[in-house]
Amino acid sequence: MSGTENAATTQVYRVYIKAAPEQVWDAITKPEWTDRYGYGGLTDYDLTPGAAYRTRPGPAMVEGAKAMGFPVPETVIDGEVVEADPPRKLVLTWRMLMEPQLAAEGFTRLTYELAEKNGSTRLTVTHELAGAPQLASLVSGAHDDEQMGGGGGWSWVLSDLKSLLETGKTLAQ
Amino acid sequence: MVTYPGSVSDDDLVFKALADPTRRFLLDLLFARDGRTLTELESELEMSRFGVMKHLRVLEDAGLVVSRKSGRAKLHFLNPVPIRLIHDRWIDKYTERHVTALTELKAELEKDS
């Protein structure tokens, strides 16, 4: 954790997943996995510090948005790789582009930390959200009751990831 | 519900941790403002430092609080994921049935009107 972070605007999420750290790492960094849980979306990473990455909407996201009557941008999340130490640590800058007001809040900092514990992986997600109050509200799951389905933020995403890796199915399946 | 022997993440620990009003109060404090030190949390409670430490330990063991070092300070963060897991695996299962039952009742009642 950097010394400059503001604790009050930092969110920390932790989940234990009965899977090897390498499997969890793949689920976070490979597009064939990233579209299968949570909000979905296809993310291609060049795991080199300074490399840009972006998340494209998956087929389900495009279909869903079309049905709801609003457009999906070609890139839904973008940012840069700050640090990559497979399968232990991934630090990213992270900007949500789904809506103009979220995009305007700019880049936040997202850290994934993986540790093996008793045959499981302890996954800790730290999201530093200084200057991004709307995004902070979104990722905390404050909009969970809205019709969009899956406004559950990181708690929901990680619960879904755990379900996928442990049972082969997501929560909706 | 599958339990993992030796795993720290366990529904029993979560339910036990939530069964105490002081621990729920500590979670509410972190919900209002995250990333607090023991000293900050202690100042909100009529309780010894040792008592607050004990409660935080139970919350950490249940995974509901994650502590991190920031310089010399140890900061405590609320981790909502264990509650989400209980919600997704237990509560959804039962509320869905209630909602379905009510929807069916409504359809049944409206059929004759």
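None of the figures in this text is laboratory data; all of them are computed from the coordinates on show. Worth saying up front: this structure is predicted, and the values here are computed from it rather than measured. Cβ atoms come from the backbone with ideal geometry, glycine included; neighbour counts cover every protein chain shown.
Computed quantities for the displayed model
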{"item": "Unit charges on C-beta of K, R, D, E only; dipole of the protein assembly as shown, Debye", "result": "840 debye"}
{"item": "10 Å Cβ neighbours from other chains, averaged over peptide A:136-143", "result": "1"}
{"item": "Chain A, relative contact order in percent, only Cα pairs under 8 angstrom and at least six apart counted", "result": "25 percent"}
{"item": "Options B:Phe25, B:Pro80, A:Pro59, ranked by Cα towards positive dipole end of the protein assembly as shown, top entry (Cβ charges)", "result": "B:Phe25"}
{"item": "Span from the the range A:3-65 Cα centroid across to the the range A:82-99 one, whole angstrom", "result": "8 Å"}
{"item": "Dipole of chain A, positive direction: furthest Cα of A:Leu42, A:Thr29, A:Tyr16, with charges on the beta-carbon", "result": "A:Tyr16"}
{"item": "Proximal lysines relative to B:Lys16, as straight alpha-carbon distance under 25 Å, when same-chain residues fewer than 8 apart are discounted", "result": "A:Lys18, A:Lys117, A:Lys162, B:Lys54, B:Lys74, B:Lys93"}
{"item": "Averaged over A:11-21, number of beta-carbon atoms from partner chains that fall within 10 Å", "result": "5"}
{"item": "Over chain A: helical MRE at 222 nm, DSSP H runs n ≥ 4 each giving -39500 (n - 2.57), nearest 500", "result": "-7500 deg cm²/dmol"}
